[in-house]
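Here, each number is a calculation from the coordinates, and none is a lab measurement. All values reported here derive from a predicted model rather than from experimental measurement. Using ideal geometry, Cβ is built from the backbone for each residue, glycine included, and neighbour counts are taken over all protein chains shown.
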Protein chains: 2
Amino acid sequence: MTKKQIIIDAAIELFAAKGIEATSVQQITEHCGISKGAFYLSFKSKDELIIAIIEYFMSNIIMDVDHAVSETANRTDKLYVYFVKTFTILSQYTGFAEILMRERSTTISEKLIEKVHFFVEMANGNLTKLLFDVFGNQIEEKQYDLVVVVNGMVHSYAQMLFESKQHIDIQKLAETLVEKTTILAMNSELVFLKKPISLPHASESIPPVVEIIQGLQQACTYSSNKLEKESAQLLIEELQSDTTRAAIVLGLVSNLEKNDKFEWYCYLLRKQFQ
Amino acid sequence: MTKKQIIIDAAIELFAAKGIEATSVQQITEHCGISKGAFYLSFKSKDELIIAIIEYFMSNIIMDVDHAVSETANRTDKLYVYFVKTFTILSQYTGFAEILMRERSTTISEKLIEKVHFFVEMANGNLTKLLFDVFGNQIEEKQYDLVVVVNGMVHSYAQMLFESKQHIDIQKLAETLVEKTTILAMNSELVFLKKPISLPHASESIPPVVEIIQGLQQACTYSSNKLEKESAQLLIEELQSDTTRAAIVLGLVSNLEKNDKFEWYCYLLRKQFQ
DNA sequence: TTGACAGTTGACCGATTAGTCATTATTATA
DNA sequence: TATAATAATGACTAATCGGTCAACTGTCAA
C-alpha cells in the first residue's frame, strides 16, 4: 500500500467522523503515524488530498455500478442491479458516502466543485442510458425528471441508512425502488424539466483530452511494467495526434485497463471511442 | 428589529455564501457593523448562534407550511399547496435552505443534531398526516416509504434549484410533484419501511414540556405587553401542574400566539392539547 | 569507516480563530 | 448638570490552522 493510500484511508475516517473543514492535517498525520512533513511529500496541499479522495471514490463508484449494469443481460434486471450495486457500494464506503451526502461542495476550492459536477453529470448520463435501455423511448420527454427523482430517492434512503445505523436489506430496498421507478416511468405524464439541468461550470470541465493525458502520465510514474509504460506512451501520442484512430486507442486501452492506476482513464476513453 | 435578529440575518447571508465553518465571528460582526464584543452580548458562543438560526428557520418553515395546508379546505388541493409553499419558502430563504441542504449537522455540537432531528420528525409527522388526509387509509402500510420518497423528491429538486441559479416555475413543479406522489400513493404495493425511521437520540428530545417552559420564560423577557406576561406566567404554572387542563392552556395560548416570540411554543402546545 | 543521499521529522512561521475584558460612549435618572 | 447604569468597543490571549525547512536518521557503495 502506497503512502498516499495510507493517508487517504486515515483522512476518510476522520473526514467522515468530523467533517472535512474540521479535520486538520495534523490530526490526519497523527492518525496514521507519520509526521506533518511526510504528508506534504505525498500531497501538495490539503485541498489536493480532498480532490484525490473525491476522484478516487467517485470514479470507483461510477465504474463499479456501470460495469455491474453492463454485465446484466436481462433488461428488466438492469435497474434492480443498479440499485443493489449503488447501495452496496454506498454502505461499503460508508465513511466517504457520508461525506458526499452532506458536504456537496461547501467551502472548498472552485476546482473541486467542477470535479464533482463532472462526476455527477457522468453518473446522470449513465443513469439516463440505463433508463432508456429499460423503458425504451416512451420516457423520452420525462427523462430529466426521472433522473432527478431517482437520485432523490437514492439520496433519501441512503441518508436514512447512515443516520440510523441499523442494518438494512439492500435487495428488498432495491426491489421497492425498481417498483417505484417503473410506476413513475410508465404512468407519469407531466413534465417539469424540458432540458438537462445545467450545472454552472460543468460544460467547461467536460473530460478534456488534456486531463486524460495528464492522468495517464501521472499513472505512468507508478507503473513498473514495461508493456504498460510503452502502451501508455503510445496512447498519449495517439491522443495528441490530429487523426486519432479509435481502433488503436481501444487496443492500447485493453493493455492498460487491468492496472488500477489506469482504470479510470481507460473507462473514459472506452466511453468516448466505443 | 432586535440586535439578535440583525446578527442572525447577517450570519445567514455569510453562512450561505461560504459555509458555517468557514465564516468567522469577526466577519459576521463586520458585515452588520457591530463590534466583536457586542456579538457576545447577544450570543454566548458561535454555536449558540448556529442553534438559534436553525431553530428560527426550521420552526418558521414548519409552521408556515402547516398553516397553509390547514387553511386549504379542498383535500386534493392540500398536497399542491404543500409543495408550492415548501418551495416558495425554500426559495425565499435561499440562504438558509442551502445551509440545510448541504450541512446536515457536520461538526457542530451534539445538541444541534438532536434539535435538527426533532424538527425533522415534526415535519415528517405533518407530512404523514397530510398524506392520510389526501389519500385515506389505503396508504397505511406505505406511509413511511411515501414520506421518504416525497422528501427525496423535494430535496433533489431543491438542490437543483440552488445549484443552477435559474428561476423556476414553482406552480408547475408542484403540479408534477403532486402527480408523482399520487401515482406512487395509488399504485405502489411493495413496502420497505414497516416502521418509522428511528433517528438516534431523537426519542429523548421529544418536546419535553420543560423545554417549552424554558422557551416561554425566555420569550417573556422580550415582551413588554402586560397581558402577555401574565398569560405566559399562568401558562407556565398550568404546564407545571400535575393536572394540566387543556382548555386553560389553549385559552392562554390564544392570548400569546400573535407574538412572534411565542408563536412556536404556541404551535407546539396546540399540537399537543388540541 | 566514510560520505552521499533519499526519506523523514517536528520546531517553527504567519495567519486566523473563538472568546475576554478593561476601557470608553451613550443613555437614563435625579 | 452630575451621577449611575447600561451598551459597545477593539486590543488582547491562547489555541489552532496550513504549510515550510533546517536538521536528523538509516541505508547503501566505495
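Shown for A:Ser24: label points 7 Å from Cα along the beta-carbon vector, and their distances to the equivalent points in the other copies, 1.5 nm in ascending order. Treating r as the C-beta distance of B:Lys111 and B:Lys172 and R0 as 56 Å, the FRET efficiency rounds to 0.90. Computed over chain A, relative contact order equals 15 percent, with contacts defined as Cα pairs under 8 Å that lie 6+ residues apart.
B:Gln92 label point (Cα plus 7 Å toward Cβ) to equivalent points in the other copies: 4.6 nm, shortest first. About its Cα centre, the dipole of chain A is roughly 260 debye, where the only charges are +1 on Lys and Arg Cβ and -1 on Asp and Glu Cβ.
Averaging 1/r over every pair of different alpha carbons in the stretch A:60-163 and inverting the result gives a Kirkwood radius of 14.6 Å. If the segment from B:Glu30 to B:Ser254 were pulled out straight at 0.36 nm per residue, it would be longer than the present Cα-Cα gap by 76.6 nm.
Sorted shortest first, the separations between the B:Leu190 label point and its copies elsewhere in the assembly read 2.6 nm; each point sits 7 Å from Cα along the Cα-to-Cβ line. Farthest towards the positive end of the charge dipole of the protein assembly as shown, among the residues A:Ile248, B:Ala232, B:Ser198, is the Cα of B:Ala232, using unit charges on the Cβ of Lys, Arg, Asp and Glu.
Would you please classify the overall shape of chain A from the alpha carbon gyration tensor, given that a ≥ b ≥ c denote the square roots of the eigenvalues, rounded means a/c under 1.5, and beyond that prolate means a/b larger than b/c while oblate covers the rest? In terms of gyration-tensor shape, oblate.
Qualifying trypsin sites (Lys or Arg not before Pro) in the stretch A:163-201, where qualification requires a DSSP coil assignment and no more than 14 other C-beta atoms within 10 Å, comprise A:Lys165, A:Lys194. For peptide B:140-149, the mean count of partner chain Cβ atoms within 10 Å of a residue's Cβ comes to 3. Summing +1 for each Lys or Arg and -1 for each Asp or Glu among the other residues whose beta-carbon sits under 11 angstrom from that of B:Gln26 gives +1.
Highest mobility in the GNM of chain B, judged by mean-square fluctuation with C-alpha springs under 10 Å and restricted to B:Asp66, B:Asp133, B:Asp169, is found for B:Asp169. The loop-placed trypsin sites (Lys or Arg not before Pro) in the stretch A:37-100, going by DSSP, that have at most 10 neighbouring Cβ atoms within 10 Å of their Cβ come out as A:Lys44.
Rounded if a/c is under 1.5, else prolate if a/b beats b/c, else oblate: with a ≥ b ≥ c from the C-alpha gyration tensor eigenvalues square-rooted, which is the stretch A:207-273? Because its axes are fairly even, with a/c under 1.5, the stretch A:207-273 counts as rounded.
The stretch A:1-44 and the stretch B:143-179 have Cα centres spaced 37 Å apart. Taking only DSSP H segments of four or more residues, each worth -39500 (n - 2.57), what value at 222 nm results for the protein assembly as shown once the sum is divided by all its residues, to the nearest 500 deg cm²/dmol? One gets -24500 deg cm²/dmol as the mean residue ellipticity at 222 nm.
Compared with the alpha-carbon gap, the fully stretched path from B:Gln272 to B:Asp242 is longer by 9.2 nm at 0.36 nm per residue.
Taking the Cα centre of the stretch B:46-203 as origin and assigning +1 to Lys and Arg Cβ atoms and -1 to Asp and Glu Cβ atoms, the resulting dipole is close to 140 debye. FRET efficiency for A:Lys4 and B:Ser91, Cβ-Cβ distance as r, R0 = 45 Å, nearest 0.05? That gives a FRET efficiency of 0.60.
Computing FRET efficiency as 1/(1 + (r/R0)^6) for B:Gln217 and A:Lys129, where r is the C-beta to C-beta distance and R0 is 51 Å, gives about 0.30. Of the DSSP H helices in chain A, those that are both long (alpha-carbon extent of 18 Å or more along the helix axis) and hydrophobic (Kyte-Doolittle mean at least 0.5) are A:3-18, A:46-71, A:143-163, A:209-222.
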